[in-house]
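What follows is calculated from the coordinates using simple rules that are stated; it is not laboratory data. Just so we're clear, the structure is a prediction, and the values are computed from it rather than from any experiment. Cβ atoms come from the backbone with ideal geometry, glycine included; neighbour counts cover every protein chain shown.
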Amino acid sequence: MGKSQSKVDLYAAIRRDHRGGLLLRALQRKYNVSWRTVRRAVDGQWPEERRKPRQRESRLDPYKPLIDDILWADVDAPAKQRHTAQRIFDRLVDEYGASTSRIPWSAPM
């Protein structure tokens, strides 16, 4: 199956070639798919819907409103007095007891 070919197009091509006389094994080789895919296409089934990935919650989610408040307070502050990411992290840990992990920014690779 090529990158530009959708599964619906693939199923249609398999059906067309099967009606044209190609055997199931030849269809497998031609389209580089499994026998199950060929069987589903020949039986007239439609491809399954794509599954949507489950949204993961992050540990930072409860603290996002607090971070937004800190950043909005910094809008009018001079550039040298604004919070850095490190300072925001330190405030979350010190003032709110955040239990997020610390990323070692300057760790050697």
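Laid out as a table, the results:
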{"read-out": "Estimated distance in nm for a label pair at LEU66 and ARG51, the labels positioned 7 Å out from Cα along Cα-to-Cβ", "value": "3.5"}
{"read-out": "Test item: Cα-centred dipole of the chain, Lys/Arg +1 and Asp/Glu -1 on Cβ, debye", "value": "1260"}
{"read-out": "Residue-by-residue Karplus 3J(HN,Hα) for region 28-41, coefficients 6.51, -1.76, 1.60, Hz, glycine and proline x", "value": "4, 5, 5, 9, 6, 10, 7, 5, 5, 5, 4, 4, 4, 5"}
{"read-out": "Calculated volume of the Cα convex hull per residue in Å³ (choose from (1) 136; (2) 227; (3) 94), label", "value": "(2)"}
{"read-out": "Nearby aspartates and glutamates by direct alpha-carbon distance to LYS30 (threshold 16 angstrom, same-chain neighbours under 8 apart not counted)", "value": "ASP9, ASP17"}
{"read-out": "Theoretical gain in end-to-end length, ARG25 to ALA79 [0.36 nm per residue, Cα-Cα removed]", "value": "12.6 nm"}
{"read-out": "Over the chain: helical MRE at 222 nm, DSSP H runs n ≥ 4 each giving -39500 (n - 2.57), nearest 500", "value": "-14000 deg cm²/dmol"}
{"read-out": "Full-stretch length increase - HIS18, VAL93 - with 0.36 nm per residue and alpha-carbon distance subtracted", "value": "20.6 nm"}
